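Following: one structure in structure tokens, then a few remarks.
The values are calculated or read from the model by the stated rules, or taken from the named source; none is laboratory data. Owing to the predicted nature of the structure, the values given are computational and were not obtained by experimental measurement. When we count neighbours, we look across all protein chains shown, and the Cβ atoms used for this are built from the backbone with ideal geometry, even at glycine. Keep in mind that these areas ignore ligands, DNA and RNA; they rest on the heavy atoms of the full protein, side chains included. Shrake-Rupley method; radii C 1.70, N 1.55, O 1.52, S 1.80 Å.
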Amino acid sequence: MRSTFLFAFALLAHYTQASLFGGTKPAAKDQALDDVIEEGWEHVTSGSTIKLAHVKSDSRLVLPQVSYGTGSQQQAVTAHADASSTKNFWLVDSDSPRGTAIACGEQIRLVNSDSSHNLHSHSNHKSPISGAQEVSGFDGRDSGDLWTVECLKDKKAWKRLEPVYFKHVETGWYLQSLPSKKYRQPIVGHQEVSAAKKPDSNAQWMALEGYYFSARTSQAKKD
């Protein structure tokens with residue numbers, strides 16, 4: 001986890017515009033990440049578009065727009081180290097008003113901003129490498145797109161830069177990526193993303209870069 005925080009710190013130190021990171025400010029050397037985010041912008045909010053880092057492997061959740069050759073034959077979802085890709089932005093879609101902090105225990109959809117596919121899972125297909133539960137990008141919309149945000153600590157809302165779990169509502173399994181399970185052609189180096197019956201360190205994700213909304217900016221736009 002330490003390497004993930006160091007990598008995130010380096011990125012935040014170079015990109016300080018509120019338009020990109022939402023409430024970030026210039027970072028001093030060795031400054032704690034929590035101090036880089038301004039007050040009022042600490043949480044992941046409804047309507048924000050973010051990148052999700054797999055904590056264990058320093059990779060990003062991505063939809064490379066390659067279809068599975070087996071299982072559902074829907075779009076593959078992977079984790080990859082390239083943080084600059086446009087295919088790893090995800091819209092946080094919830095029933096809450098835009099700018100509202102996502103509560104721990106709240107159900108959300110994660111919609112890939114490049115393709116509009118929903119992060120999806122289902123019990124009737126296995127992932128191609130590990131044989132766990134398949135996770136895919138789905139171009140429709142149904143209950144298989146819903147995920148519950150589970151906070152690791154005693155928090156009321158999903159906080160940026162802190163690990164969380166995503167529990168699939170329909171099956172009860174957890175979004176994970178196994179660093180040792182990697183694809184070959186045509187997506188060399190991409191890690192398989194699947195769902196596991198129980199959460200562990202392979203199932204921890206963290207909100208890093210993104211276009212964030214806060215409650216105050218959303219209210220200002222209404223006014």
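Here is a list: Gly71, Gly144. Which entry is in contact with an Asp or Glu (Cβ under 6 Å, 6 or more places away or on another chain) and within 16 Å of Glu192 (Cβ to Cβ)? Walk me through it before giving the result.
Values: Gly144 fails: within 16 Å of Glu192 (Cβ to Cβ).
None of the other options fit; the residue is Gly71.
Taking Thr78, is it open to solvent by 40 Å² or more (accessible area, probe 1.4 Å), more than 25 Å from Glu42 (Cβ to Cβ) and among the β-branched types (Val, Ile, Thr)? In short, no. Taking the range 129-166 only, how many residues are of a type outside the set (Asp, Glu) and more than 18 Å from Val111 (Cβ to Cβ)? Here the count works out to 16. Just give me the residues in the range 28-66 being at pLDDT below 80 and either open to solvent by 40 Å² or more (accessible area, probe 1.4 Å) or farther than 18 Å from Lys159 by Cβ (or both), in sequence order. Scanning the range 28-66 gives Ala28, Lys29, Asp30, Gln31, Ala32, Asp34, Asp35.
Applying the criterion of being in contact with a helix residue (DSSP H, G or I) (Cβ under 6 Å, 6 or more places away or on another chain) and under 16 Å from Trp147 (Cα atoms) to the residues of the range 105-120, the residue that is surrounded by the most Cβ atoms within 10 Å (Cβ to Cβ) is His120.
Residue-wise test of (1) outside any loop (DSSP other than H, G, I, E, B); (2) out of contact with any Ser or Thr (no Cβ under 8 Å at 6 or more places or on another chain); (3) open to solvent by 60 Å² or more (accessible area, probe 1.4 Å); (4) of a type outside the set (S, T, N, Q).
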| site | (1), (2), (3), (4) |
| --- | --- |
| Ser130 | no, no, no, no |
| Ser136 | yes, no, no, no |
| Arg141 | no, yes, yes, yes |
| Gly144 | yes, no, no, yes |
| Thr148 | yes, yes, no, no |
| Lys181 | yes, no, yes, yes |
| Pro186 | no, yes, yes, yes |
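Sub-7 Å Cβ pairs linking a first residue in the range 29-53 that is under 19 Å from Gln204 (Cα atoms) to a second residue that is modelled with pLDDT under 70 and surrounded by fewer than 20 Cβ atoms within 10 Å (Cβ to Cβ), at least 6 apart or interchain, are Leu33/Phe5; Leu33/Phe9, ordered by first then second residue.
Scanning the range 156-172 for residues that are in a strand (DSSP E or B) and open to solvent by 40 Å² or more (accessible area, probe 1.4 Å), which turns out modelled with the highest pLDDT?
Let us first name the residues in the range 156-172 that are in a strand (DSSP E or B), namely 157, 159, 164-168.
Still in the list and also open to solvent by 40 Å² or more (accessible area, probe 1.4 Å): 159, 167.
Numbers: Lys159: 95, Lys167: 98.
That would be Lys167.
Among the residues of the range 94-104, how many are charged (D, E, K, R) and either touching a His at 6+ places or on another chain (Cβ under 7 Å) or open to solvent by less than 40 Å² (accessible area, probe 1.4 Å) (or both)? Let's see the steps before the verdict.
Pass one, the range 94-104, residues charged (D, E, K, R): 95, 98.
From what's left, either touching a His at 6+ places or on another chain (Cβ under 7 Å) or open to solvent by less than 40 Å² (accessible area, probe 1.4 Å) (or both): none.
Qualifying residue count, the range 94-104: 0.
Condition first: under 13 Å from the mean Cα position of the chain (by Cα) and modelled with pLDDT under 95. Can you find one or more residues in the range 184-193 that meet it? No, the range 184-193 has no match at all.
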